[in-house]
1. In sequence order, what are the phi-derived ³J(HN,Hα) couplings for segment 591-599 according to the Karplus relation 6.51 cos²θ - 1.76 cosθ + 1.60 with θ = phi - 60°, rounded to whole Hz, with x for glycine and proline?
2. Rank by packing, highest mean first: peptides 81-91, 624-634, with packing defined as the count of other Cβ atoms within 10 Å averaged across residues.
3. Report, in degrees rounded to the nearest 10, the 0 to 90 angle that the Cα long axis of helix 299-311 makes with the longest principal axis of the chain.
4. Once you have the alpha carbon radius of gyration of segment 567-645, what is it after dividing by 2.2 N^0.38 Å, with N set to its residue count?
5. Looking at the square roots a ≥ b ≥ c of the eigenvalues of the Cα gyration tensor of segment 369-521, which shape do they give, rounded for a/c under 1.5, prolate if a/b is larger than b/c, or oblate?
6. Computed FRET efficiency, Cβ-Cβ of THR498 and ASN307, R0 30 Å: what is it to the nearest 0.05?
7. Which pairs in the list LYS383/LYS437; LYS88/LYS197; LYS645/LYS696; LYS218/LYS258; LYS258/LYS612 are over 24 Å apart, alpha-carbon to alpha-carbon?
8. With a point put 7 Å past each Cα toward its Cβ, work out how far ALA138 is from SER702 in nm, to one decimal.
Amino acid sequence: MSLLLSYSLLAQSRASYIRETFDTEEIPSGWTTTGEGAENWSIWPTHQAGGDPGEIKLYWRPSFVGTSRLVSPAVNLTGIDEIVFSFKGFLDNYMDVPHQIGIATTSDDGTTWNVAWEETFSTSNQGQHSFIQNVNTADMGKENVRFCIFYSGDSNNMNGWYFDDIEVYTLDELNLSMLDINFPSIVGIEANEVGFKVQNTGINNITSFEAQYQIEGKSPVVETFTTDLESTEKADFTFQTPLTLAPGTYNISVTILKVNDSEDVTSDNVKDMTIDAAIGTTQRIPLIEHFSSSTCAPCVYVNQSMNILTENNPGKYAYVKYAMNFPLEGDPYCTAEALERKNYYNVIGAPQIFFDGEDFGAAAISNNDFYAEYNRPAYVDIKGAFEMEGSVINITADVMSLVNIPNIRVFVSINETTTTGNASYNGETEFHHIMMKMLENSEGNDATCNVGEYQRFEFSYDMDTTFVEELDDLEVAVWVQNYDTYEVFNSTFLYDYTSHPYPAQNLQLNSNEEDESIDISWEAPESGEPTGYDLYVNNELVLENTTEMSYHLDNAAGLHTVSVKAVYEDGKTSVGLADYIIIGEEEFPCNAPTNLNATIEQDAEGYDYNFKVTMSWDAADNASQYAIYLDGELLDNTNETSYVKGFDEEGMHHFAVVTICPDGESEQSEAFEFELIGVSLDEHENHFEIHPNPAKDVVRLSTDNSQQTTVRIYNVLGMMIEEIEINSNETKINVSDYKTGIYFFNIQTENGSVTKKIVVE
């Protein structure tokens, strides 16, 4: 969106006039609702709009057609001719018809409303949006100014609009705000890019800024970013230096240090988050939770589309369908647990689908969305089985965590694969994955997943107490979920009518420091008869269905993750018993750079110094930065593998480099020596002549006075190739073995020195 600013009377620094987070039980004091559907506004304990729990919602019911307003308290804007209005919003759509929202102002208590911005939304759910708009209506500069968010449309065609974090404020002259860290909360041990989002919350354009990321207790990574951010513009950036972590829990912060070469000391320049590094990954099985009803006409098409999706992807999903009693009463399989799950997600209509805890609204899941989620790594492994004893179902499930995940819940849903007895008003005769019972209940089972540990859950239940039609048509879905954020870490359907696939026991990783090898061993499961074992090292399958229970890994310096799964008949597997080991003193090696070099240019075009020296080296593993030392003193730090330095004087120099890693720094590299030699034009130059130039085989050096002369020959890197003593007026110098390039002949006499540049072809 294009935003125009009038800067004439804006304050020198940011001033906030309204800031509301809607974390109260009632609509905050000073806020009012007017127009059609004024009674439809209320506080909800959700966070659909993207803020913290607690937001305001415009509900569809009672339905209305027209404009509804959420009106702010009055503020005094004397002397302010333009201001910024920002908020978060989420449209929970129902029908693919237009819905309009906007911002307006009034200075006569609502008699006249002046529109500052409006936009129409007409396609399914819009997802979370952060809106920021400049307001320069006729009400600016007045004493009694109120703002409103307005909705225009037919509320019967939506489920609701959610709004949060409304703020009205002026802009700083120069400020860059850190909005978010674009980094997953759970990562593997591979190198991960650190991204972040910023916003220019000042008046002036931003052309460059300096930022850093830092893991608590470790050295920061500092980089400079070139950009062209206009006022209020947002942008995403990524550090060039990736982040690699050993398994564990860490705090990462990203901070803006400088903006346009000036220090940034505002309070909005830093964000931090907790991240967990996992032992490894496992296959994600996405969870589909579908709220539907046999009384719901729009549900038919969505059911048909979802049937096609699942039929084409067997074994790649877990599915739970909750029968609802709306839009009409009459679905006989609507249970109290289904309604409790409805309340958990704040579902207000059918159909509505949640995909791994994310609200997908009334639309079916597309193939692209499905495979994007299926291919996303998971860090919790779930395996188990169930069997029937008459009408009693016996369930055993193992949950293995590859990462630390505190305060999660394990959910178990017993579904009937296909039902017919709940047919009602919408014409459907078959329904799939209908939830019959949740164990122990709809609120799940408290658990804490610690990296490398697994937990077992066992249940028995008499299905005669449910609506089940066929006892041999049951399926059991199990998933692990953060109850507060809705995030689903993984799910699965348990193996049906089989004994439990017990995992291996006592995985042992023993290091041999002398030869840097690892001995891996494990024991047979406590019960069951596996056909073999699958062994993974660093997420790579190294042994498949082996009957051995040990493995030797050579050349194992560094960090290694290991997982072993017991394999049973028909390809059934247990959860993977997992652990990791570090061989060596450091988690990740931090070695000094190698292959140092220096390229020298004299009188380089557009360069202010006599000599332009480019110092370079090969990249080192796990480097965050490099510290450059020139002639024994710290010169500078850089993220690059080269550095340019200007010199005016001739002379000998040497440089060395230290690798800075997340966990420390290396020893100093071997020094590289170079000499700066200028091409002299003083009075001695006329006494010497070198020809031919360019040369191929032989260079002739002539002088008009036979005096003791020393000739030192240097290549373009400043390295001396040869030194020759001359006692005659003419000397032949063989250059046939020289590589093609530029050379400097430094001629030393008792009266001074002169340097000649020669090209060898």
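1. 9, 5, x, 10, 6, 5, 8, 9, 10
2. For the peptides 81-91, 624-634, the packing ranking is 81-91, 624-634.
3. 50
4. Against the compact-globule rule of thumb, the ratio is 2.00.
5. Prolate, because a/c is 1.5 or more and a/b exceeds b/c.
6. 0.70
7. From LYS383/LYS437; LYS88/LYS197; LYS645/LYS696; LYS218/LYS258; LYS258/LYS612, over 24 Å: LYS645/LYS696; LYS258/LYS612.
8. The answer from the label model is 9.3 nm.
Read-outs: derived from the displayed coordinates by stated rules, not from any lab. Values in this document were obtained by computation on a predicted structure and should not be read as measured data. All Cβ positions, glycine included, derive from the backbone under ideal geometry; neighbour counts span all protein chains shown.
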